[in-house]
Amino acid sequence: MSTTVLNARTRTAAVLVTTGLLLAGCSSSNGTASSTGSASAGPSAGSSATSRPGTTIAVTVRGNTVTPNGERVKASVGDPVTLVVDADRAGELHVHSTPEQELAYPKGRTTLRVTVDKPGIVDVEDHVADVVVVQLEVS
Ligand SMILES: [Cu+2]
């Protein structure tokens with residue numbers, strides 16, 4: 001019986017930890033979170049549905065100023081999200097999906113594409129400027 005109580009307590013703790021990580025963003029994700037063995041829902045196939053519209057977001061980078069600035073953008077599970085980056089410096093967009101995706105971009109105009117396999121809010125950050133560019137609202 002006490003095992004049941006323990007399990008419930010452990011689960012609550014896990015939920016709290018997960019929520020804390022989500023709220024804290026990337027700055028606190030040093031180590032620890034590496035044991036997500038069940039999360040690797042890889043690309044299911046090179047299916048023929050290349051023509052799905054998905055979502056396109058124009059991103060402008062001027063030094064430490066990045067536009068948009070934390071705006072919510074709706075996206076669909078499994079649909080491509082295209083980020084058209086126009087930058088005056090090289091940098092990297094960090095997509096806080098599971099697993100995380102890092103998309104480096106050079107100075108100039110670059111088209112990046114990401115796909116999120118799970119519903120939820122996914123932060124897209126620029127680590128040079130240290131800002132949230134968009135929050136993908138994936139459903
Ligand atoms: Cu990040």
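Within region 94-103, the residues that satisfy the criterion of being more than 9 Å from the ligand (Cβ to nearest atom) and either open to solvent by 70 Å² or more (accessible area, probe 1.4 Å) or not small (G, A, S) (or both) are T98, P99, Q101, L103. Being part of a strand (DSSP E or B), crowded, with 16+ Cβ neighbours inside 10 Å and of a type in the set (D, E) is a property that E137 lacks.
For region 109-128, a residue qualifies if it is part of a loop (DSSP other than H, G, I, E, B), touching a Ser or Thr at 6+ places or on another chain (Cβ under 7 Å) and either within 12 Å of the ligand (Cβ to nearest atom) or open to solvent by 60 Å² or more (accessible area, probe 1.4 Å) (or both), and the qualifying residues are K118, P119. In this entry, P106 is excluded by the filter for residues that are open to solvent by 50 Å² or more (accessible area, probe 1.4 Å), modelled with pLDDT of 95 or more and touching a strand residue (DSSP E or B) at 6+ places or on another chain (Cβ under 6 Å).
Just give me the residues in region 68-90 being surrounded by 14 or more Cβ atoms within 10 Å (Cβ to Cβ) and either at positive phi or over 17 Å from the mean Cα position of the chain (by Cα) (or both), in sequence order. G78, D86, A87, R89, listed by residue number.
Looking at (1) modelled with pLDDT of 50 or more; (2) part of a loop (DSSP other than H, G, I, E, B), which is the one condition that is false for A45? Of the numbered conditions (1) modelled with pLDDT of 50 or more; (2) part of a loop (DSSP other than H, G, I, E, B), the odd one out for A45 is (1).
The values are calculated or read from the model by the stated rules, or taken from the named source; none is laboratory data. None of the values given here were measured: they were computed from a predicted structure. Reconstructed Cβ throughout: ideal geometry from the backbone, glycine too, with neighbour counts over all protein chains shown. Quick note on the areas: whole protein, heavy atoms, side chains included, nothing else; ligands and nucleic acids left out. Shrake-Rupley method; radii C 1.70, N 1.55, O 1.52, S 1.80 Å.
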